[in-house]
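The values are calculated or read from the model by the stated rules, or taken from the named source; none is laboratory data. These numbers come from a predicted model, not from an experiment. Here Cβ is always computed from backbone atoms with ideal geometry, including for glycine, and neighbour counts include all displayed protein chains.
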Amino acid sequence: MSNFYQQIAALSPEQRVVLEKRLKQRGLSPLTNPEISKIEISKRKDYNELPLSFAQQRLWFFQQLNPDNSAYNGMSALGLKGQMNVALLEKVFTEIVRRHETLRTTFITNSQGQPIQVIASTQPIILPIIDLQGVPNQEEEVQRLASVQIQEPFDLTKPLLRITLLKLTQTEYVLFFIMHHIISDRWSDGVFVREMKVLYEAFANEQPSPLAELPIQYADWAIWQQEYLQGEVLATQIAYWKKQLADLAVLELPTDRPRPSIPTYQGAIQSFELSKTLSDALKTMSAKEGVTLFMLLLAVFKVLLHKYTNQSDIVVGTDIANRNRVETEGLIGFLINTLVLRTDLSGNLSFRSLLHRVREVTLGAYDHQDLSFDKLVDILNPERNIAQMVPLLQVKFDLQLARVEPLELSNLTVSTLNFNNGTAKFELRFNLLETDRGLTGKVEYSTDLFDIATIMRMVEHFQTLLEGVVVHPEYRLSELSLLTATEQQKLLVEWNNTEVEYPQTCIHQLFATQVKHTPEAVAVVCENEQLTYKELNAKANQLAHHLQKLGVGTEVLVGICVERSLHTIVGLLGILKAGGAYIPLDPVYPQERLAFMLQDAQVPIILTQQHLVEKLPEHQAQVVCLDTDWDNIAQNSPENPVVNSQANDLAYIIYTSGSTGKPKGVCASHQGAINRFYWMWQTYPFTSEDICCQKTSLNFVDSVWEIFGGLLQGIKTVIIPDRVVKAPKEFVTTLANNHVTRLVVVPSLLRILLDTYNDLQLRLPKLKLWITSGEALSIQLLQQFRQNLPTSTLLNLYGSSEVAADVSCYCIEPQTPIPLRVAIGRAIANTKIYVLDRYLQPVPMGVPGELYISGAGLARGYLNQPEMTAQRFIANPFLKNGKAKEDQSWNCDRKAYTKYSRLYKTGDLARYLPDGNIEFLGRIDDQVKIRGFRIELGEIAAVLGQHPGVQEAVVISREDEPGNQQLVAYIVSDLQQTLTVSELNRLLKEKLPDYMMPKSFVMLEALPLLPNGKINRRGLPLPDQIRPELAATYQPPQTEIEQSIASIWQEVLHIEEVGINDNFFELGGHSLLLVQVHNKLQKIFQQEFPLFEMFHYPTISYLAQYLSQQSSEQQSIVEHSHRPESRQASIHRRKQVRQQYRTVTKPKDT
């Protein structure tokens, strides 16, 4: 097809009418393609059963699946003023319905369960009239009636055209036309209006119809379509689309709410206008660049989606009139086709380059437009997901260049009225229209997913992009900004305005000050022992003097390997008072891990306890035992030692999991910790009644607050041994006996406590402030917290070792309504939080990006890892004085950082919410947090790879049950060697701490791969799926029910062998065949059930469970079909089976 006819085919109905008029005015031939015109569409002859067109098949199936849905109801409304002749209107409508069979068409199924068209004979149209004369608030009543009529679903076996006349006064009327999309499309609206105008004028003047009889009817076209799309024609079309749409990705639009498992198709419309100046500039640019206005607008729209989703494979649907044959021009019917336009936006290309890429894709699609969208879906057979509103695409974009011709009727003034039917057929659709005053648009969107404020921002971003490309078409995509000036000010400045004064001092210096204020107050308690501030200070001073004699001074690293006790607090304070920085060495860590840490840090001294000495690996450090060596230590002065400590000195190094297979040491300063403390003290100040507790391992950064947060403010801190923390009931008892008022917990521990006691509020009446951090807090856990602890406040904190533990806070007080999602809140004092794209550009609110942090809490970097430090701690491009210069010399020895000179690249995915809170969305890389421990999945896989029998290994985090997050390792073994789980466990325990141990091991012959060669993590099976007896690919049906279902599948799918775990769609099934299976099942089992349930259970195994009650007694099929079952029990059973299937088929990869 030539470029001319490609462009003609792409015109909307209205565009084509306008162009035809102009061609006729110039004496030129009408719009026909010589190649197409040779393919004649003839009138049908003897057809007992009329088939549906491919597009009709999809809508018919949709209506079977959603019989109460009105998403495909189309409505037109006219306001009429003047002398109304109702009989004349009825005559006009009767003639239009006579001319167009499709307006008399209904749909039934034949004996094989296949849908067919049934065309009724012509009957006179009698207009129902609703008299609203004298009705108060007529406008509201008209709106109500419009809403009722358009939302009333059609029964496809009954007439699909509804015309209603509302009488407002003797000379004022409203006319409603409602048609199901299965018999009409947008072009048809223009045909209807033109014929209505011609016939009205003729009949008003008592003239016969001047309209020629139609050469064909819609049913003729449907037959032709099926016959035409065969052989070489079909093969050529299929080959193009299969290549073009291979390995299609789902467009993951950021939404305000999670996608429902079954969409409601409820929607709304938001209108917008572009200025005449911008509209003209876009037309000028499109002409200059050699593209159509549609192509230009589509390219900009794709940039918008690219920036919203951070995806480069962007798929958008668009309508094409599909009226490129003379016979179809005057038809009313559903001929419109949807083209799937896929564009690659990778490589940060220039907009001009993208524009020409979009042009080529669009022209290619026009060249292969004859394959209907619905036939394409059947051929490609994408994975069925009932949560998707439409297969293959989620978003549409259309442009109309002219409105439907205005309707003019004798003696009547006609106006067009707009009513929203409250539905959406796609997640998002932009529909633009060219008018005399410029481009206008309507955004149809799913209200299941989006709020109107989100759509309004999206429109603003679209307009900002349009303005940008007009001025700078040469810009690369990274240089095109979405943000308005107002939004940029809010994201970068207003929400990061956190500057406050805080003490420029050290932890031990603040402690010394507190000792002067409350020397006799109890500082720390551990079981039956306690120390006052004065006593604790004296012991810490004695240790500090001792360490100084051993060479500890400013920033000298000292290891501390002790069990949680009073020795812990004395040891930490002693190290800091000596000027040193502490490195926690957990005694439960494997020796190999401890050996690496000691070798990496080269600590000269280790503080420990006598019984732990033998657990230490070989090392060169001097050992000081805080128990057996204490008599010697106590010989030192109890006075504060002299040390020239500064706030930016190193305070501690905490080793966290590393992706290279080795842990990395995070170097943190005093000022970062003090800033975090001071923010908490000011925002949630202590009272004299407060009591804190310390129960977290020193290797976890939350321990820093637990130990020093209360201690530096004169608040008693209760130290709880690890054995007590691991016994929930004993832990709760200990908290209650010690009257603890504040508690820091990871969400997984909070869940255990809430599951242990449902009356925690009564058991812990003093504990009013709960603080969660370390891992994501689920909405379910928050709801459980509110139910069990209705008068307590919960702070949800976010942070990591690299940022002094916490940088944001979300407060849920007793009176706070439960939110839809649990945010991580806003930035704390002296902290700036940015959500950026891959090019370090801020993303709009609501759009996901990577979280970057700047401020007083940033660590110096990673010990002995300057390259990793430079990668994760980068120059801050948002400094007031311009962009920071790149500085690759940053390392842990450097102190001269300004507060905001650097950004920490967290690797976390997040987004700003419209209220300024931040929502955590997960990890970008392979790092996860489980029970508060940060884990690099790659580190575990790297250790597994050290086993000679392991060929490949991948580790993922699964949460197949809410709140039950666990590590699962998938192993491909060397065929020459048999692997056992005990071997792998032994290897891991030698090298990794317990919290990094996988809960399950799955042996695979090969890892599932994506088409690009990467591991398909979503394709990794559940651990309990892998059983030796299920190793075979085929498992025959066993029970009567399974055999009955299998027999139906074999008949419908025309295959000889069906296993109970085979997927219906993977066997070649599609939606229409599924209807046949559904009908046959209902007859055999003598029970009705919704068609959509078939999507939930696409295997015989799960379908059989759904259709039968799982009980200990085996029942026959007949007995089963008549067994009574309560509604509640039925719903419960269905939920169980559905959840079981989802668990098996949809593993979560974090």
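If you filter the range 97-136 down to residues that are of a type in the set (S, T, N, Q) and without any contact (Cβ under 8 Å) to a residue 60 or more places away in the chain, you find that the one that is surrounded by the most Cβ atoms within 10 Å (Cβ to Cβ) is Thr106.
Scanning the range 317-343 for residues that are of a type in the set (D, E, K, R), closer than 18 Å to Arg194 by Cα and more than 40 Å from the chain's Cα centre (by Cα) yields Glu327, Glu329. For the range 790-866, the strands (runs of 3 or more DSSP E) that sit wholly inside it and include 2 or more residues that are over 30 Å from Pro260 (Cα atoms) and at pLDDT 95 or above are 831-836, 849-855. What about Arg838, is it out of contact with any Leu (no Cβ under 8 Å at 6 or more places or on another chain), surrounded by fewer than 17 Cβ atoms within 10 Å (Cβ to Cβ) and closer than 26 Å to Gln489 by Cα? Yes: the conditions hold for Arg838. Annotation for the range 625-648: no member residue is in contact with a Cys (Cβ under 8 Å, 6 or more places away or on another chain) and part of a helix (DSSP H, G or I).
Yes or no: Tyr652 assigned to a loop (DSSP other than H, G, I, E, B), among the aromatic types (Phe, Trp, Tyr), in contact (Cβ under 8 Å) with a residue 60 or more places away in the chain and out of contact with any Lys or Arg (no Cβ under 8 Å at 6 or more places or on another chain)? No; evaluated as a whole, the condition is false for this residue. What number goes with the only condition from (1) buried (at least 23 other Cβ atoms within 10 Å of the Cβ); (2) part of a loop (DSSP other than H, G, I, E, B); (3) not small (Gly, Ala, Ser) that Asn699 does not pass? Checking Asn699 against (1) buried (at least 23 other Cβ atoms within 10 Å of the Cβ); (2) part of a loop (DSSP other than H, G, I, E, B); (3) not small (Gly, Ala, Ser), the one that fails is (1). Of these, Leu820, Leu777, Leu797, Leu769, which one is surrounded by fewer than 22 Cβ atoms within 10 Å (Cβ to Cβ), out of contact with any His (no Cβ under 9 Å at 6 or more places or on another chain) and farther than 27 Å from Leu483 by Cα? Leu769 is the lone residue from the list that is surrounded by fewer than 22 Cβ atoms within 10 Å (Cβ to Cβ), out of contact with any His (no Cβ under 9 Å at 6 or more places or on another chain) and farther than 27 Å from Leu483 by Cα. Quick check on the range 1033-1049: of everything there that is at pLDDT below 85 and surrounded by fewer than 14 Cβ atoms within 10 Å (Cβ to Cβ), which residue is nearest to Lys1080 (Cα to Cα)? The residue in question is Tyr1034. Any residue at all in the range 296-308 that is at pLDDT 95 or above, in a helix (DSSP H, G or I) and over 27 Å from the mean Cα position of the chain (by Cα)? For the range 296-308, residues at pLDDT 95 or above, in a helix (DSSP H, G or I) and over 27 Å from the mean Cα position of the chain (by Cα): present. The residues listed here are Glu555, Glu520; of these, the one that is in contact (Cβ under 8 Å) with a residue 24 or more places away in the chain and acidic (Asp, Glu) is Glu555.
Residue check: is Val1118 farther than 25 Å from Tyr1034 by Cβ, assigned to a helix (DSSP H, G or I), at pLDDT 50 or above and more than 25 Å from the chain's Cα centre (by Cα)? For Val1118, the condition - farther than 25 Å from Tyr1034 by Cβ, assigned to a helix (DSSP H, G or I), at pLDDT 50 or above and more than 25 Å from the chain's Cα centre (by Cα) - is not met. In the range 635-652, of all residues being among the hydroxyl-bearing types (Ser, Thr, Tyr) and under 18 Å from Val558 (Cβ atoms), the one that is surrounded by the most Cβ atoms within 10 Å (Cβ to Cβ) corresponds to Tyr652. Counting the residues of the range 804-818 that are under 30 Å from Cys667 (Cα atoms) and out of contact with any Leu (no Cβ under 6 Å at 6 or more places or on another chain) gives 5. None of Thr683, Thr696, Thr734 is among the hydroxyl-bearing types (Ser, Thr, Tyr) and over 20 Å from Gln530 (Cα atoms) except Thr683.
Only one entry in Val471, Val515 is free of Cβ contacts under 8 Å to residues at least 24 places away in the same chain, more than 23 Å from the chain's Cα centre (by Cα) and surrounded by 18 or more Cβ atoms within 10 Å (Cβ to Cβ), namely Val515. Annotation note: of Val558, Val522, the sole residue that is surrounded by 13 or more Cβ atoms within 10 Å (Cβ to Cβ), in the same structural domain as His619 (by TED's automatic domain parsing), within 52 Å of the chain's Cα centre (by Cα) and closer than 19 Å to Leu626 by Cα is Val558. Of the residues making up the range 739-787, those that are hydroxyl-bearing (Ser, Thr, Tyr), under 23 Å from Ser697 (Cα atoms) and outside any helix (DSSP H, G or I) are Thr741, Thr772, Ser773. Look at the range 260-271: where a residue is among the polar types (S, T, N, Q) and a partner is loosely packed, with under 15 Cβ neighbours inside 10 Å, sitting 6+ places away or on another chain with Cβ atoms under 6 Å, you get Ser261/Ala387.
Just one of the listed residues (Gln138, Gln149) is more than 39 Å from the chain's Cα centre (by Cα) and at pLDDT below 95, namely Gln138.
Listed here are the residues, each with its yes/no results for (1) touching a residue at least 12 places away in the same chain (Cβ under 8 Å); (2) in contact with a Lys or Arg (Cβ under 8 Å, 6 or more places away or on another chain); (3) surrounded by fewer than 19 Cβ atoms within 10 Å (Cβ to Cβ).
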{"site": "Lys577", "(1), (2), (3)": "yes, no, no"}
{"site": "Leu585", "(1), (2), (3)": "yes, no, no"}
{"site": "Gln602", "(1), (2), (3)": "yes, no, yes"}
{"site": "Gln610", "(1), (2), (3)": "yes, no, yes"}
{"site": "Val613", "(1), (2), (3)": "yes, no, yes"}
{"site": "His619", "(1), (2), (3)": "yes, no, yes"}
{"site": "Cys625", "(1), (2), (3)": "yes, no, no"}
{"site": "Asp629", "(1), (2), (3)": "no, no, yes"}
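When Gln761 is tested against (1) surrounded by 15 or more Cβ atoms within 10 Å (Cβ to Cβ); (2) under 34 Å from the mean Cα position of the chain (by Cα); (3) without any contact (Cβ under 8 Å) to a residue 40 or more places away in the chain, only condition (2) is not met. Reported count of residues in the range 782-793, each being touching a helix residue (DSSP H, G or I) at 6+ places or on another chain (Cβ under 6 Å) and buried (at least 21 other Cβ atoms within 10 Å of the Cβ), is 1.
Tell me yes or no: at least one residue of the range 93-105 is part of a loop (DSSP other than H, G, I, E, B) and modelled with pLDDT of 95 or more. Yes: one or more hits. Listed by first and then second residue, the pairs linking a residue in the range 667-687 that is in the same structural domain as Ala870 (by TED's automatic domain parsing) and closer than 16 Å to Cys809 by Cα to a residue that is part of a strand (DSSP E or B) and at pLDDT 95 or above, with Cβ atoms under 9 Å apart and 6 or more places separating them unless they lie on different chains, form an empty list. Pairing residues of the range 348-364 that are outside any helix (DSSP H, G or I) with residues that are of a type in the set (A, V, I, L, M), at Cβ distances under 9 Å and at least 6 apart in sequence or on separate chains, gives Asn348/Leu477; Leu349/Leu477; Ser350/Leu477.
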